[in-house]
1. Quick check on the stretch 27-80: of everything there that is acidic (Asp, Glu) and assigned to a helix (DSSP H, G or I), which residue is nearest to Ile143 (Cα to Cα)?
2. Please work out which residue is surrounded by the most Cβ atoms within 10 Å (Cβ to Cβ), limiting yourself to the stretch 162-198 and to residues that are under 15 Å from Ala101 (Cα atoms) and polar (S, T, N, Q).
3. Just checking, does the stretch 12-23 include any residue being surrounded by fewer than 20 Cβ atoms within 10 Å (Cβ to Cβ) and among the aromatic types (Phe, Trp, Tyr)?
4. Which is among the hydroxyl-bearing types (Ser, Thr, Tyr) and not in a helix (DSSP H, G or I), of Tyr167, Tyr205?
5. When you scan the stretch 146-165, do you find a residue that is touching a helix residue (DSSP H, G or I) at 6+ places or on another chain (Cβ under 9 Å), among the basic types (Lys, Arg) and modelled with pLDDT under 95, even just one?
6. Take Gly37 and decide whether it is of a type in the set (Gly, Ala, Ser), surrounded by fewer than 24 Cβ atoms within 10 Å (Cβ to Cβ) and at pLDDT 95 or above.
7. Test each condition in (1) of a type in the set (D, E, K, R); (2) in a loop (DSSP other than H, G, I, E, B); (3) more than 19 Å from Val52 (Cα to Cα) for Arg192 and report the one that comes out false.
8. Looking at the stretch 84-104, I want the residues that are within 15 Å of Ala29 (Cα to Cα) and of a type in the set (Phe, Trp, Tyr) and have a partner that is at pLDDT 85 or above and surrounded by 13 or more Cβ atoms within 10 Å (Cβ to Cβ) with Cβ atoms under 8 Å, at least 6 apart or on another chain. Which pairs are those?
Amino acid sequence: MYEFFHDPIYFLTMIGTVVFALSGAMAAARKELDIFGFIIVGLAPAVGGGTVRDLLLNAEKVFWIEDLNFLYVVIVVAVIAFFQVHRLEGKRYTLLMWADAFGLALFTIMGTQIAMTYDIHPVMVVVMGMITGTFGGMVRDIICNEVPFLLQKEIYALAAIVGSCAYLFFLHLGLDEQGAMVISVAATFIVRGLAIVFGWSLPPYKAGGSPT
């Protein structure tokens, strides 16, 4: 409990967990899954990216296995959503998109910060930030039999890369950690948000021709 209130990184990671669990619940609602399905699909985006990151970095323990608070939060969010999501009829996909964008922004920068504690190249720090922010959503979409945002023409992974690079850039300029975190979370969310609002996307490959 002390850690939750006194460690800003832990606090924001928990907020990101709530938001990503909510995005999973919205996806489960669209597929009309049962309460167990809500929990599983909520768990995927909330811990999936961080799990892959921890495994790749050879961390001593996967973060949510070491700290069960993350699992408890996902279960609570999923159960509440199961009984209340009907109130959001017609708005579920919109809420899914924006909850996912906010979770993407938070988790990307949290993952970048964690990766910086390891002796790895800055390029891999950015990659770990991107993985933390995007891979959980990819698992969620695969479970729900959807083409993941990460693999579509959506500006998704690019937003995570921009945010992670921004964090390293502002630290390099001498900005304090919290200031760099706020700016880079905002940058990630803004890039993804603008892509949602204006329909920005990367050019997809067209069979028989060049990308357009």
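The values are calculated or read from the model by the stated rules, or taken from the named source; none is laboratory data. These numbers come from a predicted model, not from an experiment. Cβ sites come from the backbone with ideal geometry, for glycine too, and all protein chains shown count toward neighbours.
1. Step by step, filter the stretch 27-80, then rank; the result is Asp54.
2. In this case the residue turns out to be Thr188.
3. no
4. Details: Tyr167 fails: not in a helix (DSSP H, G or I).
Residue meeting the stated conditions: Tyr205.
5. no
6. Answer is yes for this residue.
7. (2)
8. Tyr93/Met26; Tyr93/Arg30
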